[in-house]
1. With the requirement that a residue be farther than 23 Å from TYR179 by Cβ and surrounded by 15 or more Cβ atoms within 10 Å (Cβ to Cβ), what does segment 191-216 give you?
2. Checking the conditions here, which among GLU118, GLU155, GLU110 is in contact with a Gly (Cβ under 8 Å, 6 or more places away or on another chain) and within 15 Å of the ligand (Cβ to nearest atom)?
3. Tell me, which residue of segment 89-100 that is at pLDDT below 90 and closer than 28 Å to LEU156 by Cα is surrounded by the fewest Cβ atoms within 10 Å (Cβ to Cβ)?
4. Give segment 130-161 a look and list any residue that's in a helix (DSSP H, G or I), under 18 Å from VAL64 (Cα atoms) and among the hydrophobic types (A, V, I, L, M, F, W, C), or say none.
5. Across segment 158-176, what is the total count of residues that are of a type in the set (Lys, Arg) and either crowded, with 18+ Cβ neighbours inside 10 Å or within 14 Å of the ligand (Cβ to nearest atom) (or both)?
Amino acid sequence: MNPTVDDLAQLGAELARWCDWDDPTARDALVDALVCDAQAALAVVDGQELAGPLGRRARAGGKVRIWSAACSSGQEPYSAAMTVLSVLPDAANLDLKILATDIDPNVVAEGRAGVYAETLLAGVPDDYRRRWTRDVAPGRVAMDDALKDIVSFKELNLIGEWPMKGRFDAIFCRNVAIYFDDATQSRLWSRFAPLLTPGGVLYIGHSERVNGPAAAELETTGVTAYRKPAPAPAGALP
Ligand SMILES: C[S@@+](CC[C@H](N)C(=O)[O-])C[C@H]1O[C@@H](n2cnc3c(N)ncnc32)[C@H](O)[C@@H]1O
């Protein structure tokens, strides 16, 4: 039998009674139970293009920032870190950082720990596995410190306040906006747009589309990638 609106209202009231929102343990348990934690397989993100131009800037002393928003337990930021390190092995000595955030404190803690079931690494090329992972227990694999040195995990609710002030060269926000209503999605994209550097790219999920005012500010560079246009160099022909 499908639940009615009244059933759902009653469930909401039960949850509110069950969860004392001021008690962090109860609150975290509720958030953990409600949000979708896709144990996405580790795979190399479509970020090879990030490493070229961004790498040149980092080598020239510039700052490079990547944000994996709604990163779940960290597969995406570690994949991005492998991609970056494959091109820039000295990334730890450059001003290059990957911020990884999620609303769920449990997945953030898993990301920080950086230990995964071996089966999740099926999509990772063998040479990446040899270079940046090590077996820590039967069927368990840990991410190398070289990856951890450039990735920082924080809790962040995409619908709440964002503390960050600087801009990002790439923002990955995949497979979370799909759970928000149209107005919330539109607000989210409009908050990402000013946080992108000129030429910076927003990567979203295959089932998602940028809607609202941000659609006019970002140009599509593929089904799931949106670039913030960079101003034409001075003297360039129109
Ligand atoms: C389906 S997973 C996507 C994970 C990853 N981006 C991917 O594509 O594999 C959705 C993630 O969004 C997180 N999430 C849900 N609501 C959120 C919110 N309001 N702010 C931040 N993260 C949220 C969940 O905790 C979960 O880790």
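1. Selection gives THR197, GLY200.
2. Working: GLU118 fails: within 15 Å of the ligand (Cβ to nearest atom); GLU155 fails: in contact with a Gly (Cβ under 8 Å, 6 or more places away or on another chain).
Every option except GLU110 fails the conditions.
3. Filtering segment 89-100 for residues at pLDDT below 90 gives 89-92.
Next, from what is left, pick out any that are closer than 28 Å to LEU156 by Cα: 91-92.
Values: ALA91: 23, ALA92: 14.
By that ranking, first place goes to ALA92.
4. ALA146, LEU147
5. Filtering segment 158-176 down to residues of a type in the set (Lys, Arg) leaves 165, 167, 174.
Subset that is either crowded, with 18+ Cβ neighbours inside 10 Å or within 14 Å of the ligand (Cβ to nearest atom) (or both): 174.
Qualifying residue count, segment 158-176: 1.
One line per residue, one yes/no per condition, for (1) touching a His at 6+ places or on another chain (Cβ under 8 Å); (2) among the basic types (Lys, Arg); (3) more than 16 Å from the ligand (Cβ to nearest atom):
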position: LEU54; (1), (2), (3): no, no, yes
position: ALA60; (1), (2), (3): no, no, yes
position: LYS63; (1), (2), (3): no, yes, yes
position: SER68; (1), (2), (3): no, no, no
position: ALA80; (1), (2), (3): no, no, no
position: THR83; (1), (2), (3): no, no, no
position: LEU88; (1), (2), (3): no, no, yes
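The values are calculated or read from the model by the stated rules, or taken from the named source; none is laboratory data. Just so it is clear, the model here is predicted, and its values are computed rather than measured. Note that we place each Cβ from the backbone using ideal geometry, even for glycine, and neighbour counts take in every protein chain shown.
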